[in-house]
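Input: a single structure, listed below in structure tokens.
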Amino acid sequence: MQRRSRIIEKWGFWGLVCFVSIPLPVTGAWTGTAAATLFEINTKKAFLAISIGVAIAGIIMTILTLVAKELIQQWFTFI
């Protein structure tokens with residue numbers, strides 16, 4: 001068994017939440033699961049962190065979509 005670094009021990013859960021919550025390609029639940037396995041994060045904690053991250057990413061994308069829709073509607077009313 002390898003010794004985990006102090007950074008992983010300190011930021012493992014919240015680091016995984018932040019990583020998964022970034023709505024960009026290659027930062028979602030699949031990659032978060034691979035990272036949790038690689039860094040040997042407890043399965044229950046990893047599941048919770050990934051679930052929270054996916055929910056935050058969904059909220060971010062919903063807000064961005066609604067703002068973009070509103071901006072597009074305002075732009076087309078001027079034409």
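Before moving on, here are some points about what is shown:
- The set of residues in segment 28-70 being farther than 15 Å from residue 17 by Cβ and polar (S, T, N, Q) consists of 37, 43, 62, 65.
- Contacts under 7 angstrom Cβ, first residue in segment 16-27 being surrounded by 17 or more Cβ atoms within 10 Å (Cβ to Cβ), partner hydroxyl-bearing (Ser, Thr, Tyr), 6 or more apart: 19/27; 20/27
Bear in mind that the values in this text are calculations on the coordinates, not laboratory data. Please read these numbers as outputs of a predicted model, since none were measured by experiment. Note: ideal-geometry Cβ built from the backbone for every residue, glycine included; neighbour counts use all protein chains shown.
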